[in-house]
1. Take the conditions surrounded by fewer than 19 Cβ atoms within 10 Å (Cβ to Cβ) and not polar (S, T, N, Q) and apply them to PRO264. Does it pass?
2. Given the condition in contact with a strand residue (DSSP E or B) (Cβ under 6 Å, 6 or more places away or on another chain), in a helix (DSSP H, G or I) and either within 24 Å of VAL60 (Cα to Cα) or not assigned by TED's automatic domain parsing to the domain that holds PRO63 (or both), answer yes or no: does some residue in the range 88-100 qualify?
3. As an exercise: evaluate ASP173 against (1) outside any helix (DSSP H, G or I); (2) surrounded by fewer than 13 Cβ atoms within 10 Å (Cβ to Cβ); (3) not small (Gly, Ala, Ser) and give the number of the one condition it does not meet.
4. Given the options ILE280, ILE233, ILE302, ILE217, name the one that is assigned to a helix (DSSP H, G or I) and under 17 Å from the mean Cα position of the chain (by Cα).
5. Would you check if GLY158 is at positive phi and touching an Asp or Glu at 6+ places or on another chain (Cβ under 7 Å)?
6. Hey, can you tell me all the residues within the range 172-216 that are modelled with pLDDT under 90, among the aliphatic types (A, V, I, L, M) and within 30 Å of TRP45 (Cβ to Cβ)?
7. Of these, TYR185, TYR148, which one is touching a Lys or Arg at 6+ places or on another chain (Cβ under 6 Å) and not assigned by TED's automatic domain parsing to the domain that holds ASP88?
8. Of the residues ASP120, ASP115, which is surrounded by 15 or more Cβ atoms within 10 Å (Cβ to Cβ) and among the acidic types (Asp, Glu)?
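The values are calculated or read from the model by the stated rules, or taken from the named source; none is laboratory data. These numbers come from a predicted model, not from an experiment. Every residue, glycine among them, receives a Cβ derived from its backbone with ideal geometry; neighbour counts consider all protein chains shown.
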Amino acid sequence: MKRLILLFAAVMLTLPVLRAEEAKEVKDFDPGSMIIGHVTDAHSWHLFDYRSEDGAEHAVAIPLPVILINDGQVDVFMSSKFHHGHADYKGYRLTGGGAAREEVVCVDSEGNVLDKKPLDLSITKTPAAIMIAVVLLIVIIFAARASYKKRPNQAPHGVLQGLVEMLVVFVRDSIARPMVGEAKYQKYLPYLLTLFFFIFFCNILGLIPFFPAGANITGNLAVTGILAVITFIMTNLSGNKHYWMDIFNTPGVPAWLKIFPLMPLVEVIGVFTKPIVLMIRLFANMTAGHIMILSFMALIFILSGLFGAGVGAGVTVVSVFMSVFISLLECLVAYIQAFVFTMLTALYIGMAVAEPHHES
């Protein structure tokens, strides 16, 4: 406690005085735009901002390919042509940003926005981050594979090989075998391993605040939705006759509930709600963690604008401490969410392929 008080006093004593124009910028700070802008998708990968000698603020970002289809015509160019939304290009304009979702709209020669919108197939920040994550994950797995080839039938050597083996064995023995069943788990193990490693790796990359990490991949509903759809398709294609019979002719249920038919309706709805729950749980948990960290950071500028730099400096100590704490907690959540998504997927598949147990 004494050390915390001394740290607070040191920050207060060494606090620089804000200039008038800087204080005005702090008061004009928009926390909503900052937070939403960091957790949503974008047509460029923003790195940082800097201020030139004339006082103008400039953004440094990595441009990404813009692919648009408009009236049968395909237009491909880099997002830098929009100059961060300040310029039109080829009859297109990039709108939104910050708290609003980015989208490309059509404009006429006079700069008026038209009613139609092009089909946007651009490689935005999230798809680019997925490609980076997949490449890095493949490199890690093949590096571990090469270690096994060099030292066959020996204990893991090094952190990388040991970590990969530990996670593979964990998914096999703690998820696939008990959930799918000893007889059929090997058929679905490759998918479960891919699912676990992809989600876990993307979650970890989302916690690293600098390029090529920092993108909120699993905090995007499109990404978690596709993963849930793949699980939905695999589960129902794998379902045996007993799985479908239990849905439309649920055992142990009174006959009048089957004739109504209330229980078959509930079971059919459950088939679709299971993947929806998978999608929303992963999206909500990862997005909430990022928003909490950014909120603590935004609190510094909000209180500085309201009560002055002294209060902002005092809040900085608490905000940084809480941000570090939430970040460490997010590391645990990144693992838990990968485990839960994979475990429930294995459970759904196991329910679909399970054979009925007959009394002897």
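1. yes
2. The answer is no; no qualifying residue exists.
3. Against the list (1) outside any helix (DSSP H, G or I); (2) surrounded by fewer than 13 Cβ atoms within 10 Å (Cβ to Cβ); (3) not small (Gly, Ala, Ser), ASP173 comes up short only on (1).
4. When all the criteria are applied, what remains is ILE280.
5. In short, no.
6. LEU207, ILE208, ALA213, ALA215
7. That would be TYR185, the only listed residue that is touching a Lys or Arg at 6+ places or on another chain (Cβ under 6 Å) and not assigned by TED's automatic domain parsing to the domain that holds ASP88.
8. Details: ASP115 fails: surrounded by 15 or more Cβ atoms within 10 Å (Cβ to Cβ).
Exactly one residue qualifies, and that residue is ASP120.
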